[in-house]
1. Taking the options 60, 71, 136, 115, name whichever one is over 25 Å from residue 325 (Cβ atoms), surrounded by fewer than 16 Cβ atoms within 10 Å (Cβ to Cβ) and touching a residue at least 12 places away in the same chain (Cβ under 8 Å).
2. Just to confirm my filter: which helices (runs of 4 or more DSSP H) fall fully inside segment 336-412 and include at least 3 residues that are under 28 Å from residue 63 (Cα atoms) and at pLDDT 80 or above?
3. Out of 186, 158, report the one residue that is in contact with a strand residue (DSSP E or B) (Cβ under 9 Å, 6 or more places away or on another chain) and at pLDDT 95 or above.
4. So, residue 141, is that one closer than 29 Å to residue 238 by Cβ, in a helix (DSSP H, G or I) and within 8 Å of the ligand (Cβ to nearest atom) or not?
5. Could you please find all residues in segment 151-185 being assigned to a loop (DSSP other than H, G, I, E, B), within 16 Å of the ligand (Cβ to nearest atom) and closer than 21 Å to residue 262 by Cα?
6. Given 192, 141, which one is within 20 Å of residue 44 (Cβ to Cβ), buried (at least 19 other Cβ atoms within 10 Å of the Cβ) and over 15 Å from the mean Cα position of the chain (by Cα)?
7. Yes or no: residue 113 within 13 Å of the ligand (Cβ to nearest atom), at pLDDT 90 or above and touching a helix residue (DSSP H, G or I) at 6+ places or on another chain (Cβ under 8 Å)?
8. Failed condition for residue 148, given (1) surrounded by fewer than 24 Cβ atoms within 10 Å (Cβ to Cβ); (2) within 12 Å of the ligand (Cβ to nearest atom); (3) closer than 26 Å to residue 340 by Cα, with all others met?
Ligand SMILES: C[S@@+](CC[C@H](N)C(=O)[O-])C[C@H]1O[C@@H](n2cnc3c(N)ncnc32)[C@H](O)[C@@H]1O
């Protein structure tokens, strides 16, 4: 009897090698999961290791419970009804207004879902940047951050000219998990406090600050940047910056006026904005398709032209000193365009960001979800991010979109 069972099993294996191979893979992953489970806590270098991809949406620090992810995705998608299937559907006023009304939930859902993917694939700074030939990806990201430090004059102390000094304070508007904040504090020694609406980001960001011994320089607070004075007293900060964050704002005059209120008189505010360039033609359906693809894949009420950002700065009590697309000329022979990293130029260190790398992540996440290791809905998030990566590349290639429109203003 036992011999017969073994013989049958061997025959089955010969006929169905794929199923058996899949089963073996599943068994290996399940075993690894059990072995790794005890270690599934986030730490700052966790995503450096290949196996840590298993922590995506599946770690003890996450603020969502396993059964909450699917509901979160459904609610998020409901705010972008018709996206990708019906060009123009999410550009109509009703759709945009709906997202503006529910911006808090939209953004919180989005960052609960994507924070782990961003960190796994991109790093702790969730932004793009101009890149010079021979510059590594990480160097280019830090250069974009240090550029802000230099334009804002960030340093350790503010001197009163009479021999006195006090620590300089900077505000990071929409701070993510604090990647830029930590880099900029190490570079400038300025004290930086950041705001993000997402509790998970605050939790892990402050944990990373502590792990790096930067807790006296960096602090994340949970709050809504539509009302910054609710979190800090008036005239508390010397300077402020935002990196690819206020594109989420449902009303930039409210955002910028609040920032002006917590800045001292003469304080500088600079940032990098996601905007549609003048090359964008709202009558061109291909342009609209790309713009909407970027919006649905990045929790944006709607993308605007740079002039709108500058107007809002002026209406909010800032004198605008300078503004330009930091990616202008990114096709030059000595530059690597910001979207090239997503496009798929192969490099070992940047593999996870490429087409192939994202596909591998997708397969891994699908496997983990199928094995019920990752929560239900994880694969949908991976698919959403893969689709929008293509839209970002298309927007960059056509020069209709940039994520790095630099601006700087001085509080009047
Ligand atoms: C693309 S991420 C950029 C994060 C960070 N600046 C970086 O470069 O790593 C956008 C950030 O803006 C935050 N955000 C968006 N809308 C917000 C709001 N109304 N209040 C507070 N934070 C907000 C998100 O939670 C997220 O942390």
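The values are calculated or read from the model by the stated rules, or taken from the named source; none is laboratory data. All figures in this text were calculated on a predicted structure; none of them were measured in a lab. Glycine also receives a Cβ, built like all others from the backbone with ideal geometry; neighbour counts cover every protein chain displayed.
1. Values: 71 fails: touching a residue at least 12 places away in the same chain (Cβ under 8 Å); 136 fails: over 25 Å from residue 325 (Cβ atoms); 115 fails: surrounded by fewer than 16 Cβ atoms within 10 Å (Cβ to Cβ).
On inspection, the qualifying residue turns out to be 60.
2. Details: elements: 340-343, 355-370, 378-397.
Here the list reads 378-397.
3. Sole residue among the options that is in contact with a strand residue (DSSP E or B) (Cβ under 9 Å, 6 or more places away or on another chain) and at pLDDT 95 or above: 158.
4. Values: closer than 29 Å to residue 238 by Cβ: yes; in a helix (DSSP H, G or I): yes; within 8 Å of the ligand (Cβ to nearest atom): no.
Answer is no for this residue.
5. 154, 174, 175, 176, 178, listed by residue number.
6. Values: 141 fails: over 15 Å from the mean Cα position of the chain (by Cα).
Only one candidate passes the filter, namely 192.
7. Working: within 13 Å of the ligand (Cβ to nearest atom): yes; at pLDDT 90 or above: no; touching a helix residue (DSSP H, G or I) at 6+ places or on another chain (Cβ under 8 Å): yes.
So residue 113 does not fit the description; no.
8. (1)
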